[in-house]
Amino acid sequence: TACLYIVATPIGNLGDLSTRAADVLRTADLVAAEDTRHSRRLLDSISADVRMLSLHEHNESQRVAQILERLDAGARIALICDAGTPLISDPGFVLVRAVRDAGHRVETLPGPCAAIAALSVSGLPTDRFVFEGFLPSRATARRRRLRELAGEPRTLVCYESSHRVAATVADIVTELGAERPVTLARELTKLHEQTVTLPAGELVDWLQADDQRRRGEFVLVIGGSEAPPPNETAGLTPERILRELLRS
Ligand code: SAM
């Protein structure tokens with residue numbers, strides 16, 4: 001019966017593809033993927049000879065109508081992304097919403113996700129956390145965003161590219177302070193996997209010390225603010241607000 005499967009794929013180590021994911025990818029009528037050439041290699045590795053359709057941020061809206069038509073006709077369709085869990089800093093949200101609105105089944109095949117993998121080995125509190133995806137690529141916007149997050153008591157998780165990781169850690173020092181603990185998780189599940197936790201100020205030097213350390217894919221896990229939140233609204237009872245308003 002018609003169903004859209006949201007299928008997580010490995011973030012590096014092919015052994016992390018679940019048996020259930022492999023079954024669905026082999027038997028689906030269609031696999032929608034961000035980059036069909038990239039994902040074809042994964043499908044070939046499990047001998048999944050299945051039709052593919054590209055679905056990326058620039059064509060997602062157009063693809064929705066096509067996919068809905070196929071589902072109406074009873075198709076079983078899998079959505080994958082280049083690596084990890086679709087929709088997590090990856091396309092698919094528009095599609096999932098439309099498919100659900102149309103009354104079709106959407107099933108998850110959970111698995112690797114770089115954010116969760118990094119958090120789980122970070123040694124920073126995991127009971128509550130905030131996923132920020134990619135911080136803005138432009139320096140001014142990135143610093144502004146970090147400033148807004150400076151008082152956030154929950155652990156912060158963000159994705160970063162090799163081009164910007166050093167600049168972002170430097171911005172963390174500026175906006176959150178040199179003492180803020182940061183875990184940098186690099187190349188998770190791959191040959192050069194590395195996870196270090198240092199005060200942000202020391203992490204700047206650590207990254208600077210060796211070019212290799214700035215290569216690959218990164219997740220930054222940032223300890224939450226331990227300072228008590230600013231209590232701007234303290235003492236602002238409804239009565240006092242009313243009085244202030246009537247006075248002006
Ligand atoms: N949907 C994916 C997921 O579930 O993890 C994330 C997609 S996002 C476009 C790609 C980013 O995820 C990379 O820039 C990097 O920040 C992070 N990432 C992906 N694989 C990683 C890995 N093996 N190690 C560290 N970070 C990784």
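Summary of values
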read-out: Selection within the range 1-48 - within 25 Å of residue 94 (Cβ to Cβ), modelled with pLDDT of 95 or more and β-branched (Val, Ile, Thr); value: 6, 7, 9, 11, 24, 31, 36
read-out: Residues (outside any loop (DSSP other than H, G, I, E, B) and surrounded by 13 or more Cβ atoms within 10 Å (Cβ to Cβ)) located in the range 28-37; value: 30, 31, 32, 33, 36
read-out: Tally of residues being within 26 Å of residue 189 (Cα to Cα) and either touching a Ser or Thr at 6+ places or on another chain (Cβ under 7 Å) or not in a loop (DSSP other than H, G, I, E, B) (or both) across the range 38-53; value: 8
read-out: Positions within the range 163-183 being loosely packed, with under 14 Cβ neighbours inside 10 Å and among the acidic types (Asp, Glu), in sequence order; value: 179
read-out: Qualifying residue in the range 130-151 (condition: over 23 Å from residue 163 (Cβ atoms) and of a type in the set (Phe, Trp, Tyr)); value: no
read-out: Residue in the range 213-229 that is hydroxyl-bearing (Ser, Thr, Tyr) and part of a loop (DSSP other than H, G, I, E, B) present; value: yes
read-out: Sole exception among (1) within 30 Å of residue 173 (Cβ to Cβ); (2) more than 19 Å from the chain's Cα centre (by Cα); (3) touching a residue at least 40 places away in the same chain (Cβ under 8 Å) for residue 105, by number; value: (1)
read-out: Residues of the range 18-60 satisfying the condition of being free of Cβ contacts under 8 Å to residues at least 40 places away in the same chain and among the hydrophobic types (A, V, I, L, M, F, W, C); value: 22, 42, 43, 46, 48, 50, 52, 53
read-out: Any hit, the range 45-61, residues being within 10 Å of the ligand (Cβ to nearest atom), under 18 Å from the mean Cα position of the chain (by Cα) and crowded, with 17+ Cβ neighbours inside 10 Å; value: no
read-out: Candidate set: the range 171-197, residues that are more than 10 Å from the ligand (Cβ to nearest atom) and hydroxyl-bearing (Ser, Thr, Tyr); chosen: the one farthest from the chain's Cα centre (by Cα); value: 174
read-out: Pairs where the first residue, in the range 203-227, is modelled with pLDDT of 95 or more and the second is among the aromatic types (Phe, Trp, Tyr), C-beta under 7 Å, 6+ apart; value: 213/206; 219/159
read-out: Condition met for residue 188 (in contact with a helix residue (DSSP H, G or I) (Cβ under 6 Å, 6 or more places away or on another chain), touching a residue at least 24 places away in the same chain (Cβ under 8 Å) and part of a loop (DSSP other than H, G, I, E, B)); value: yes
read-out: Long-range neighbours under 6 Å by Cβ, at least six apart or interchain, first residue among the charged types (D, E, K, R) within the range 61-90, second more than 16 Å from the ligand (Cβ to nearest atom); value: 76/3; 76/28; 76/29
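The values are calculated or read from the model by the stated rules, or taken from the named source; none is laboratory data. In this text the structure is predicted, and so the values were computed from the model without any measurement. Glycine also receives a Cβ, built like all others from the backbone with ideal geometry; neighbour counts cover every protein chain displayed.
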